[in-house]
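Q: Before I ask anything, let me first share the structure, which is written out below as structure tokens.
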Amino acid sequence: MIEAHALSKRYGERAAVTDLSFTVRPGVVTGFLGPNGAGKSTTMRMILGLDAPTSGSVTVNGKAYARHRAPLHEVGAMLEARAIHTGRTAYNHLLALAATTGIPQRRVDEVIEIVGLREAARKRVGGFSLGMGQRLGIASALLGDPATLVLDEPVNGLDPEGILWIRNLLKDLAAQGRTVLLSSHLMSEMSLTAEHLIVIGRGRLIADTSVAEFVRGAAGGSVRVRTEEADRLRTLLAGPDVSVASAERSVLEVSGLTSDRIGRIAADAGIALAELTPQLASLEEAFMELTRDAVEFQAPAREPALAKEGQAA
């Protein structure tokens with residue numbers, strides 16, 4: 001279990017993390033989300049004792065990381081997969097880690113097999129592809145058979161087979177009762193892997209909830225309505241904060257009203273509905289909606305395309 005209590009970190013005048021409290025519980029994959037510059041990397045570094053908090057505290061399995069007698073057995077981490085001596089082979093890299101932390105050599109063979117690097121284990125890391133480097137980083141995190149895992153962008157560079165592999169691996173590890181904290185910018189993958197989310201923006205907590213509740217609580221969802229009186233219902237639903245679109249004659253896509261409200265309006269008007277189905281926002285849409293005011297770097301608004309030669313501007 002990871003527990004952060006009023007965690008804050010300042011670099012001079014800049015606050016990277018401010019009064020951040022959360023708990024990452026065992027048994028589920030917890031996604032750690034936030035826009036660029038939100039403070040995710042700083043938070044993970046404080047969890048692992050690489051940065052000292054300005055105030056507050058963070059513990060892993062009841063202790064600060066540095067106070068564990070054998071930290072690699074408690075926490076496996078991958079913050080930068082390619083932070084490995086390029087002249088070493090994958091096997092020797094893992095063997096050196098094992099030798100300095102009291103891990104038996106047979107565990108090196110086990111994790112190499114787990115991450116699918118058996119054929120490349122004796123090759124120098126400098127010649128590894130990005131995906132192979134990710135697998136080696138994950139092997140390093142698993143080496144001590146830890147109760148807690150902290151992984152930053154573990155699917156970066158993996159092919160579809162590799163992405164499916166890491167997704168199933170993390171779910172299996174959580175099912176064993178381990179604590180899994182996963183940071184990623186790939187919302188589609190996070191929605192398939194994580195059950196719980198911790199979302200931060202500008203160093204502050206935005207959400208600490210299940211994936212389902214996070215998506216359900218975001219604006220942007222719509223309601224699909226099917227009726228033979230679509231035109232009349234469209235008129236009745238009209239309002240300043242209501243949007244009604246129609247791709248088919250008898251189907252309306254309504255934003256700005258709940259399905260209960262639409263149903264009451266239709267019932268009061270005597271309009272029979274063949275379908276009334278809420279369409280939830282995707283995780284990506286929910287994330288964009290709830291972090292809109294916490295984005296540190298924003299792209300400029302698109303300018304209109306230039307008029308073609310010979311056309312009036």
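The values are calculated or read from the model by the stated rules, or taken from the named source; none is laboratory data. Values in this document were obtained by computation on a predicted structure and should not be read as measured data. When we count neighbours, we look across all protein chains shown, and the Cβ atoms used for this are built from the backbone with ideal geometry, even at glycine.
Q: Residues in the range 43-78 that are under 20 Å from the mean Cα position of the chain (by Cα), of a type in the set (Ser, Thr, Tyr) and either farther than 18 Å from Asp152 by Cα or surrounded by fewer than 22 Cβ atoms within 10 Å (Cβ to Cβ) (or both): how many?
A: Result for the range 43-78: 0.
Q: From the list Leu290, Leu236, which one is surrounded by 11 or more Cβ atoms within 10 Å (Cβ to Cβ) and modelled with pLDDT of 90 or more? If you could, list the steps in order and put the result at the bottom.
A: Values: Leu290 fails: modelled with pLDDT of 90 or more.
Among Leu290, Leu236, only Leu236 is surrounded by 11 or more Cβ atoms within 10 Å (Cβ to Cβ) and modelled with pLDDT of 90 or more.
Q: Does any residue in the range 273-300 that is under 30 Å from Thr227 (Cβ atoms) come within less than 6 Å, Cβ to Cβ, of a residue that is assigned to a helix (DSSP H, G or I) and at pLDDT below 75 six or more places away or on a different chain, and which pairs are these?
A: Nothing qualifies.
Q: Determine whether Val125 is at pLDDT 95 or above, more than 22 Å from the chain's Cα centre (by Cα) and either in the same structural domain as Val17 (by TED's automatic domain parsing) or not aliphatic (A, V, I, L, M) (or both).
A: no
Q: Additional query: Examine the range 293-312 for a residue that is of a type in the set (Lys, Arg), exposed (fewer than 11 other Cβ atoms within 10 Å of the Cβ) and modelled with pLDDT under 95, and state whether such a residue exists.
A: Checked against the condition, which is being of a type in the set (Lys, Arg), exposed (fewer than 11 other Cβ atoms within 10 Å of the Cβ) and modelled with pLDDT under 95, the range 293-312 yields at least one hit.
Q: In addition: In the range 238-253, which residue that is in a loop (DSSP other than H, G, I, E, B) and not small (Gly, Ala, Ser) is nearest to Ile265 (Cα to Cα)?
A: My answer is Val242.
Q: On to the next question. Here is a list: Gly144, Gly102, Gly56, Gly116. Which entry is part of a loop (DSSP other than H, G, I, E, B) and touching a His at 6+ places or on another chain (Cβ under 7 Å)?
A: Gly144
Q: Just for strands (runs of 3 or more DSSP E) wholly inside the range 161-215: which have at least 3 residues that are assigned by TED's automatic domain parsing to the domain that holds Thr18 and more than 11 Å from the chain's Cα centre (by Cα)?
A: 204-210
Q: Can you tell me which residue is surrounded by the most Cβ atoms within 10 Å (Cβ to Cβ) among those in the range 166-196 that are acidic (Asp, Glu) and in contact (Cβ under 8 Å) with a residue 24 or more places away in the chain? Can you show your working first?
A: Step one: list which residues in the range 166-196 are acidic (Asp, Glu), which gives 172, 189, 195.
The next check asks that each one be in contact (Cβ under 8 Å) with a residue 24 or more places away in the chain; those that pass are 189, 195.
Working: Glu189: 20, Glu195: 15.
Applying the filter and picking the extreme gives Glu189.
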